Structure formats: structure tokens, C-alpha cells
Amino acid sequence: MKHIYHIRSWGGALVLVMFLQQTLMAAGYQVLLQGNRATAMGNLGVGLRPDASSMFFNPGAMPFMEGNQVMLGINLISSNIAFWDSQTLNSNETSVTDNPIGTPFHAYAVWGPAESKWKFALGAYTPFGSKISWGQEWQGRYLLDEISLTAIYTQATASYQLLDNLSIGAGIVAMFGSVELQRVLPVTSDLDPTIINLQGDAKTGFGYNVGLYWVISEKWQMGASYRSRINAELEEGDVTFENVPASLELLFQPNKFSATLPLPSQFSLGFNFEPSEQLTLGIEANYIGWSAYESLDFNFEDENIAIQDTESPRNYHDSYVFHFGGEYRLNEFLFRAGTYYDLSPVDKGFMTPETPDTNRIGITAGLGYSLGEKLQLDLSFLYIRGQQRTQTIEEAQAVGTYPSATNSTYAVEPGTYKLRAYIPGLSITYKF
């Protein structure tokens with residue numbers, strides 16, 4: 001049977017390369033779900049009165065935690081991204097992702113001898129990850145079809161109370177990551193769509209976090225923490241293809257790839273105010289070191305005209321997240337609410353079908369309930385609204401990410417994007 005095919009004019013040699021440059025970027029998506037008490041209060045935690053999740057938010061706070069705790073928690077992420085081809089006159093082309101439910105988790109255990117100034121902790125959590133499915137029919141299918149990325153952190157932490165009102169802490173972090181993704185290749189034939197699949201596991205990466213907690217007065221507390229950058233290094237990743245026409249089989253053979261992606265550092269500063277025994281208010285600011293993501297470079301074991309080593313500038317800038325939240329105690333119940341504003345690190349012309357690409361507003365609420373003296377139940381709900389953002393063809397051409405008279409690179413899909421996410425969560429804490 002005869003197969004008719006073509007590669008788009010922007011260059012067959014870029015088919016695989018542009019795909020990789022776009023989809024692995026999504027590993028930088030930050031998941032702010034490391035404790036459902038904190039989530040319900042606008043995702044702030046560094047300055048709050050400590051619980052077991054403080055080993056993530058601020059290890060310096062742990063000596064002020066009453067007793068010892070074990071916390072287990074999970075969240076369910078239901079999200080979608082909508083696209084409209086606003087760059088084509090009178091276009092009605094729209095697409096919406098059909099993403100699977102994401103399940104980030106957290107698990108912490110904090111312990112210290114009675115009357116001791118020391119606290120020790122072990123934990124695991126998922127601060128980065130993404131699951132996106134655009135499908136094989138949408139306009140940008142040659143950039144992204146499906147992607148699933150996971151980064152799991154494990155942490156060992158120790159903290160010490162220096163003074164009656166001051167403590168410090170530090171932890172060693174190990175990161176384990178994986179990627180699975182696919183896209184449609186711009187090949188026309190009478191076969192099913194030609195698909196490229198890429199998957200691999202990152203080498204274990206190491207980092208650290210440090211924190212300080214200061215009880216300023218009976219009503220005021222302050223916390224500061226720093227989490228280091230960790231480089232996710234993939235080696236010997238597998239590249240495979242499906243439904244390749246016979247005339248292209250020599251070009252698209254199974255391959256191996258390697259790449260490095262920075263997971264950024266973060267500095268946080270927060271204040272906790274307790275105007276009464278029933279009410280707690282908190283504010284927090286995070287400074288995210290996204291500027292570490294300057295370029296994404298790929299090396300392939302076997303190169304040919306369609307698969308070549310490449311360097312792709314990303315030029316992210318550092319960004320901020322601002323939080324505000326509160327908690328009100330009524331008998332055994334704790335009512336919580338908050339909000340945060342997350343600024344995108346992505347400049348004009350570099351916006352892709354993944355996150356983080358738009359400024360995001362988070363609205364949160366939740367409930368805490370004491371089941372006796374030893375058990376605490378925390379429920380949260382987070383609604384994320386990504387502000388509508390349009391990337392024009394002119395913006396992309398100006399930075400060389402979309403074809404022009406002098407450039408053949410096709411790395412973004414200009415248009416208008418909107419993000420929505422609905423995230424319930426549950427944590428159970430055992431106190432002893």
C-alpha cells in the first residue's frame with residue numbers, strides 16, 4: 001500500500017527537537033499542596049504555628065510544635081486548559097484538555113524527646129508535576145498531545161530551639177522524577193497518526209532546605225525558609241515511534257536521550273498574627289528562582305537529519321507568589337479561608353500549551369476538626385483561575401519561537417489560553 005507523507009516546511013530535522021523542548025518544560029509546574037491546613041489558608045505555611053507539615057514549609061518551626069505528629073494527606077486535581085485560535089481571523093477553532101485526575105500526596109513524621117529542644121522529621125511530598133492531555137485533534141498537536149511528569153521529594157530534617165522564642169532547622173532533600181509524554185508528528189499518510197513517545201526516569205537529585213522561626217510576642221510569629229534548586233537529570237531516556245510510514249522508518253528509529261531541567265529554589269517569608277485565642281491571620285511571600293531555567297538542551301545517542309542535539313533558550317525570570325489567609329476556632333472546629341496570587345515566570349513569545357504560563361489566582365477554604373485528643377482531620381478546597389492570556393504571532397516571531405521570513409522554528413502555538421483547576425484535599429494527623 002502506498003503512503004503519502006510530508007514534513008512541515010519548518011524543517012524535518014526539528015520534528016523531534018521542538019517537541020522535547022516544549023513538553024519537558026512542564027516539569028517546572030509547581031504544585032502548592034504540601035499540607036491541607038496550609039492549603040485552606042491560602043497556601044501559606046512558613047509563619048504559622050507549626051504542625052507536621054512544617055518540615056516542608058519551615059523546618060525551623062518544629063521545636064515549637066506540641067508533642068509529636070504523623071500526618072498523611074492527599075489532594076485530587078481536576079483541571080483543564082482551554083485554547084482559542086484568536087490569531088486567525090474569524091476562527092472558531094477551540095480545544096479543551098481532557099486531563100486525568102492528579103493525586104499529589106504528602107506524608108510527614110515529626111518526633112522529639114519530651115522536654116527536649118530537638119525535633120527530628122522524615123517526609124515525602126510532590127512539589128512539582130503535571131498531567132495534561134490535549135488529544136490528537138487539536139491545533140497544536142504537533143507540539144503536545146499528552147504529558148505526565150512527576151517529581152517526588154523525600155526529606156530528613158532536624159531542628160533546634162536556640163532561645164525561648166527562636167529556633168532553626170535544616171533538611172536534606174532527595175528528588176526522584178519521571179516523565180512520560182507523546183505528540184503527533186506532522187506526517188501525512190493513510191496510516192493512523194504517527195506518534196512519538198518519550199519516557200525516562202531522572203537520576204536522584206539532592207538539595208536542602210533551611211528555616212528560622214521567631215516568636216516575636218504572644219500574638220506575633222515570623223518564619224523564613226529557603227529551599228535549594230535541584231537539577232533533574234535524565235539519562236538513557238527511551239524515544240520510540242508508532243505508525244511510522246515505511247518511507248520514514250530509517251529516520252525514526254528507537255533512540256536514547258539525555259537532558260537536564262532545573263527545579264527552582266524558593267525563599268519564603270511569612271508572618272502570623274493572633275488577635276485573639278480564636279482567630280489567626282497570616283501573610284506570606286515566596287520568591288521563586290525560575291531564572292535558573294535559561295535553556296533546555298538535549299543530547300541524543302544517535303543523530304540523523306531528523307534527530308539532532310539542540311539548545312533551546314527559555315529565559316524565564318524569577319517570580320513571586322503572595323498569600324493571605326486566616327483560621328477561626330469554634331469549639332472543635334477550625335474554619336479556614338484564604339487566597340494567593342502566583343505570577344508567571346514566562347515572557348512574551350515563550351508561552352506554550354503547558355503551565356506555568358499565566359498569572360494564577362487561588363481561592364481556598366477548608367475545615368479542621370479534632371477527633372479527640374490524638375486525631376486531627378483537615379479538609380481543604382482550592383480553586384485556581386489562570387488569567388486569560390493571549391500570545392500573538394508577532395510576539396513569538398520577535399523572539400524566534402514561531403516561523404517568519406527569516407526563521408523556520410515552530411516552538412509555540414499562538415492563541416488565547418485559560419486555565420481552571422478544582423482541588424479538594426484531606427489530611428489526617430495522629431498526635432502522640
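The values are calculated or read from the model by the stated rules, or taken from the named source; none is laboratory data. This structure is a prediction, so every number in the text was calculated from the model and none was measured. Cβ placement follows ideal geometry from the backbone for every residue including glycine, while neighbour counts extend to all protein chains displayed.
Restrict the check to segment 91-106 and report whether at least one residue is among the aliphatic types (A, V, I, L, M), surrounded by fewer than 20 Cβ atoms within 10 Å (Cβ to Cβ) and under 30 Å from MET65 (Cα atoms).
Within segment 91-106, none of the residues are among the aliphatic types (A, V, I, L, M), surrounded by fewer than 20 Cβ atoms within 10 Å (Cβ to Cβ) and under 30 Å from MET65 (Cα atoms).
Under 7 Å between Cβ atoms, which residue pairs at least 6 apart in sequence (or on different chains) link something in segment 133-159 that is under 13 Å from ILE81 (Cβ atoms) with a partner that is surrounded by fewer than 22 Cβ atoms within 10 Å (Cβ to Cβ) and β-branched (Val, Ile, Thr)?
Correct list of pairs: SER133/THR97; TRP134/THR97.
Please work out if PHE350 is under 23 Å from ASN99 (Cα atoms), among the hydrophobic types (A, V, I, L, M, F, W, C) and either in contact (Cβ under 8 Å) with a residue 40 or more places away in the chain or out of contact with any strand residue (DSSP E or B) (no Cβ under 8 Å at 6 or more places or on another chain) (or both).
Against the criterion (under 23 Å from ASN99 (Cα atoms), among the hydrophobic types (A, V, I, L, M, F, W, C) and either in contact (Cβ under 8 Å) with a residue 40 or more places away in the chain or out of contact with any strand residue (DSSP E or B) (no Cβ under 8 Å at 6 or more places or on another chain) (or both)), PHE350 qualifies.
Restricting attention to segment 240-251, does a residue exist that is surrounded by fewer than 14 Cβ atoms within 10 Å (Cβ to Cβ), within 21 Å of the chain's Cα centre (by Cα) and within 26 Å of LEU181 (Cβ to Cβ)?
No; the residues of segment 240-251 include none that is surrounded by fewer than 14 Cβ atoms within 10 Å (Cβ to Cβ), within 21 Å of the chain's Cα centre (by Cα) and within 26 Å of LEU181 (Cβ to Cβ).
Where in segment 271-345 are there strands (runs of 3 or more DSSP E), lying wholly inside it, with at least 3 residues that are touching a residue at least 12 places away in the same chain (Cβ under 8 Å) and closer than 24 Å to GLU235 by Cβ?
By residue number, 295-300, 310-313.
Could you check, for segment 402-411, whether at least one of its residues is closer than 28 Å to LEU343 by Cα and either loosely packed, with under 15 Cβ neighbours inside 10 Å or modelled with pLDDT of 95 or more (or both)?
No, because not a single residue in segment 402-411 is closer than 28 Å to LEU343 by Cα and either loosely packed, with under 15 Cβ neighbours inside 10 Å or modelled with pLDDT of 95 or more (or both).
Give me the helices (runs of 4 or more DSSP H) completely within segment 1-110, filtered to those with at least 3 residues that are at pLDDT 90 or above, ordered by residue number.
36-40, 54-57
Any idea which residue in segment 292-324 is nearest to LEU251 (Cα to Cα), counting only those that are of a type in the set (Gly, Ala, Ser) and touching a Lys or Arg at 6+ places or on another chain (Cβ under 7 Å)?
Among them, the one singled out is SER295.
Inside segment 45-66, can you point out the residues that are under 15 Å from MET222 (Cα atoms) and either aliphatic (A, V, I, L, M) or more than 25 Å from the chain's Cα centre (by Cα) (or both)?
VAL46, LEU48, ARG49, ALA61, MET62, PRO63, PHE64, MET65
Can ALA411 be described as part of a helix (DSSP H, G or I) and either of a type in the set (Gly, Ala, Ser) or farther than 22 Å from ILE147 by Cα (or both)?
In short, no.
For segment 146-167, which positions are more than 17 Å from LEU33 (Cβ to Cβ), in contact with a Phe, Trp or Tyr (Cβ under 6 Å, 6 or more places away or on another chain) and of a type outside the set (Ser, Thr, Tyr)?
Selection gives ALA158, LEU166.
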